[in-house]
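The values are calculated or read from the model by the stated rules, or taken from the named source; none is laboratory data. Owing to the predicted nature of the structure, the values given are computational and were not obtained by experimental measurement. Cβ placement follows ideal geometry from the backbone for every residue including glycine, while neighbour counts extend to all protein chains displayed.
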Amino acid sequence: FHYNLWRPVTAIHMADADGNPQTAPDTSFEPLLVTPPVQDYPSTHSVLGAAAATVLAETFGDDTRFMFASTSAIPANPTREFKSFSEAARENAESRVKAGLHFRFANTAGLKQGENIGRFAVRNSLTPLD
């Protein structure tokens with residue numbers, strides 16, 4: 001890995017090893033979701049969500065309202081309504097912070113990277129056939 005930054009669960013469990021005397025570990029902390037065994041930065045979930053949202057926004061306009069129903073989220077089967085594709089991408093990223101999986105800066109970087117990937121895909125792959 002290029003950055004190899006620890007995730008919140010590791011940082012919280014090992015806060016006594018971070019070189020900051022003002023932090024203390026909390027070994028009882030557990031994130032809401034299972035933490036994947038990969039680096040924190042950038043947030044892959046944020047990259048993918050922003051890339052998809054950017055492609056959709058470039059194709060249909062960002063202010064396209066839509067609803068989304070999840071079959072696997074907790075609580076069961078929630079339906080979300082979004083005012084734009086970018087709003088959905090931001091909420092997707094924020095969910096990773098709230099679940100305890102990422103630091104916010106990893107999501108901010110992931111959103112930016114995903115937007116760049118989405119714009120690249122539109123400009124280089126989604127071109128007219130004529």
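Among the residues that make up the stretch 76-95, is at least one of them touching a strand residue (DSSP E or B) at 6+ places or on another chain (Cβ under 7 Å) and crowded, with 17+ Cβ neighbours inside 10 Å? Talk me through it step by step, then tell me what you get.
Of the residues in the stretch 76-95, the ones touching a strand residue (DSSP E or B) at 6+ places or on another chain (Cβ under 7 Å) are 77, 79-82, 88.
Now restrict to residues that are crowded, with 17+ Cβ neighbours inside 10 Å: 82, 88.
The answer is yes, given that some residue of the stretch 76-95 is touching a strand residue (DSSP E or B) at 6+ places or on another chain (Cβ under 7 Å) and crowded, with 17+ Cβ neighbours inside 10 Å.
Restricting attention to the stretch 57-94, which residues are part of a helix (DSSP H, G or I) and more than 17 Å from the chain's Cα centre (by Cα)?
At the first step, the residues of the stretch 57-94 found to be part of a helix (DSSP H, G or I) are 57-60, 85-94.
Selection gives 57, 58, 59, 60.
Applying the selection to the stretch 49-74, what residues are small (Gly, Ala, Ser) and at pLDDT 95 or above?
Taking the stretch 49-74 as the starting set, the residues that turn out to be small (Gly, Ala, Ser) are 49-53, 57, 61, 69-70, 72-73.
Selection gives 49, 50, 51, 52, 53, 57, 61.
Being over 23 Å from residue 107 (Cα atoms) and surrounded by fewer than 13 Cβ atoms within 10 Å (Cβ to Cβ) is the filter here; which residues of the stretch 1-30 pass it?
Once the filter is applied, which keeps residues that are over 23 Å from residue 107 (Cα atoms) and surrounded by fewer than 13 Cβ atoms within 10 Å (Cβ to Cβ), the stretch 1-30 yields 16, 17, 19, 20, 21, 22, 24, 26, 27, 28.
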